[in-house]
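Notes for the one structure printed next.
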Amino acid sequence: MKTRERPVNLDLTKFSFPLPALTSITHRIAGVILFVGLAFLLYAFNLSLTSPAGFAEASALFDAPLAKFITWGLLTALGYHLVAGIKHLFLDFDIGDTLEGARLAAQLTIAGAVIISILAGIWVW
């Protein structure tokens with residue numbers, strides 16, 4: 001019987017991930033951020049529907065700097081998730097599934113997400 005020397009505990013910090021892998025991982029992280037941030041948006045939506053005073057309170061809530069930062073973060077996560085999702089749709093049609101195509105798609109995903117993040121920051125602030 002052969003003995004295999006397999007790693008028992010992998011230290012992920014010692015690996016160097018390629019850019020397409022990092023964009024795929026951050027696509028999933030953006031989805032989790034959107035799922036968690038939905039609670040903030042649902043709270044504000046519920047507050048705005050309770051009464052006219054609740055609507056005024058929800059409007060005042062979104063004027064706070066922390067709420068603006070959370071809103072900007074959620075819009076940034078939504079923009080990144082959208083752009084990376086479109087990249088994954090292209091991959092489903094075998095567009096950009098080569099190594100060079102994957103690198104280019106990852107770079108375009110990051111560039112698109114940065115542009116959306118800047119535009120969202122301008123819109124929120």
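Report yes if some residue within the range 19-37 is part of a loop (DSSP other than H, G, I, E, B), open to solvent by 50 Å² or more (accessible area, probe 1.4 Å) and under 18 Å from A113 (Cβ atoms); otherwise report no. If you could, list the steps in order and put the result at the bottom.
Residues of the range 19-37 part of a loop (DSSP other than H, G, I, E, B): none.
No, the range 19-37 contains no residue that is part of a loop (DSSP other than H, G, I, E, B), open to solvent by 50 Å² or more (accessible area, probe 1.4 Å) and under 18 Å from A113 (Cβ atoms).
Hey, any hits in the range 80-95 for a residue that's within 27 Å of L66 (Cβ to Cβ), aliphatic (A, V, I, L, M) and touching a residue at least 40 places away in the same chain (Cβ under 8 Å)? Let's see the steps before the verdict.
The initial filter retains those residues of the range 80-95 that are within 27 Å of L66 (Cβ to Cβ), namely 80-84.
Add one more test, that the residue is aliphatic (A, V, I, L, M), and what stays is 82-84.
Of the ones still in play, those that are also touching a residue at least 40 places away in the same chain (Cβ under 8 Å) are 84.
Yes: one or more hits.
Assess whether K68 counts as being of a type in the set (K, R), in a helix (DSSP H, G or I) and in contact (Cβ under 8 Å) with a residue 60 or more places away in the chain.
On the way: of a type in the set (K, R): yes; in a helix (DSSP H, G or I): yes; in contact (Cβ under 8 Å) with a residue 60 or more places away in the chain: no.
Considered against the rule, which asks whether it is of a type in the set (K, R), in a helix (DSSP H, G or I) and in contact (Cβ under 8 Å) with a residue 60 or more places away in the chain, K68 comes out as no.
May I ask you to say which residue of L12, L47 is modelled with pLDDT under 95, of a type outside the set (S, T, N, Q) and in contact with a Gly (Cβ under 6 Å, 6 or more places away or on another chain)?
So the residue among L12, L47 that is modelled with pLDDT under 95, of a type outside the set (S, T, N, Q) and in contact with a Gly (Cβ under 6 Å, 6 or more places away or on another chain) is L47.
For the range 84-125, which positions are open to solvent by less than 30 Å² (accessible area, probe 1.4 Å), among the hydrophobic types (A, V, I, L, M, F, W, C) and under 13 Å from P20 (Cα atoms)? Give the steps one after another, and end with the answer.
Of the range 84-125, the ones open to solvent by less than 30 Å² (accessible area, probe 1.4 Å) are 84-85, 87, 96, 101-102, 105-106, 109, 112-113, 117, 120-121, 124.
With the extra rule that they be among the hydrophobic types (A, V, I, L, M, F, W, C), the set shrinks to 84, 102, 105-106, 113, 120, 124.
Listed by number, the residues that qualify are A84, A102, A105, A106.
Are any residues in the range 45-60 crowded, with 17+ Cβ neighbours inside 10 Å, under 25 Å from I122 (Cβ atoms) and among the aliphatic types (A, V, I, L, M), and if so, which ones? Reasoning before the result, please.
Of the residues in the range 45-60, the ones crowded, with 17+ Cβ neighbours inside 10 Å are 47-48, 58.
Restricting the remaining residues to those that are under 25 Å from I122 (Cβ atoms) gives 48, 58.
A58 - this is the single residue of the range 45-60 that is crowded, with 17+ Cβ neighbours inside 10 Å, under 25 Å from I122 (Cβ atoms) and among the aliphatic types (A, V, I, L, M).
The values are calculated or read from the model by the stated rules, or taken from the named source; none is laboratory data. No experiment lies behind these values; they were computed from the predicted model shown. Backbone-built Cβ (ideal geometry, glycine too); neighbour counts: all protein chains shown. Areas reflect the complete protein model, heavy atoms only, side chains present, ligands, DNA and RNA absent. Shrake-Rupley method; radii C 1.70, N 1.55, O 1.52, S 1.80 Å.
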